[in-house]
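K.L.:
Got a structure for you, questions after.
The values are calculated or read from the model by the stated rules, or taken from the named source; none is laboratory data. The structure displayed is predicted, hence computed values, not measured ones. Positions of Cβ are backbone-derived with ideal geometry, glycine not excepted, and every protein chain shown enters the neighbour counts. Each accessible area value is taken on the protein alone, full model and side chains, heavy atoms only, with ligands, DNA and RNA left out. Shrake-Rupley method; radii C 1.70, N 1.55, O 1.52, S 1.80 Å.
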Amino acid sequence: MRKTLIVTNDFPPRPGGIQAFLHNMALRLEPERLVVYASTWKRGREGAEATAAFDAEQPFTVVRDTTTMLLPTPAATRTAVGLLREHGCTAVWFGAAAPLGLMAPALRKAGAERLVATTHGHEAGWAQLPASRQLLHRIGESTDTITYLGSTRARVSPPR
């Protein structure tokens with residue numbers, strides 16, 4: 001099995017359905033073959049303590065960005081590329097296709113052989129607006145696989 005880097009905003013201790021889904025999927029992978037790069041749950045002492053306590057209990061490596069909203073900025077992309085290389089990852093899974101899937105070209109250039117992005121809700125909104133629809137198309141073109149949770153496929157798939 002490939003070593004995988006999960007890049008996501010949606011990870012516990014932040015509550016929510018996609019957070020629970022990604023965490024449960026991560027727990028099914030071999031811990032030594034997984035690294036998670038995620039945003040920090042919330043600002044302040046409470047968020048930092050809850051995040052640190054949660055991360056310490058995980059059987060895999062969790063690296064937190066200091067921001068509460070991980071975006072595909074140059075700095076976050078450099079961090080993701082650095083983690084990919086440092087940990088010898090060859091696969092990347094974006095817990096939410098948009099907007100983090102915009103990091104895909106840089107990660108591919110850095111050595112990612114397999115790029116997967118999951119849609120689960122807000123991408124349906126992205127597909128409704130011309131500018132964000134173009135970004136979603138770029139994500140689709142630069143990843144190998146897009147997965148769909150719920151009913152997002154009908155909204156984000158190109159017309160047949």
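K.L.:
Write out, first by first residue and then by second, each pair whose Cβ atoms fall under 6 Å of each other, whose residues are 6+ apart or on separate chains, and whose first residue, in region 68-92, is over 29 Å from Glu46 (Cβ atoms) and β-branched (Val, Ile, Thr) while the second is open to solvent by 40 Å² or more (accessible area, probe 1.4 Å) and at pLDDT below 95.
P.N.:
Within 6 Å, the pairs are Thr90/Arg2.
K.L.:
Please work out which one of (1) assigned to a loop (DSSP other than H, G, I, E, B); (2) touching a residue at least 40 places away in the same chain (Cβ under 8 Å) is the condition Met1 fails and give its number.
P.N.:
Met1 satisfies every listed condition except (2).
K.L.:
Sticking with this one: Restricting attention to region 9-56, which residues are part of a helix (DSSP H, G or I), in contact (Cβ under 8 Å) with a residue 40 or more places away in the chain and crowded, with 16+ Cβ neighbours inside 10 Å?
P.N.:
Ile18, Leu22, Phe54
K.L.:
Before we move on, is Ala98 at pLDDT below 95, assigned to a helix (DSSP H, G or I) and of a type in the set (A, V, I, L, M)?
P.N.:
Against the criterion (at pLDDT below 95, assigned to a helix (DSSP H, G or I) and of a type in the set (A, V, I, L, M)), Ala98 does not qualify.
K.L.:
Follow-up. So which of Met69, Met1 ends up being within 26 Å of Tyr148 (Cβ to Cβ), modelled with pLDDT under 95 and either touching a helix residue (DSSP H, G or I) at 6+ places or on another chain (Cβ under 6 Å) or open to solvent by less than 20 Å² (accessible area, probe 1.4 Å) (or both)?
P.N.:
On the way: Met69 fails: either touching a helix residue (DSSP H, G or I) at 6+ places or on another chain (Cβ under 6 Å) or open to solvent by less than 20 Å² (accessible area, probe 1.4 Å) (or both).
Within the list Met69, Met1, the selection yields Met1.
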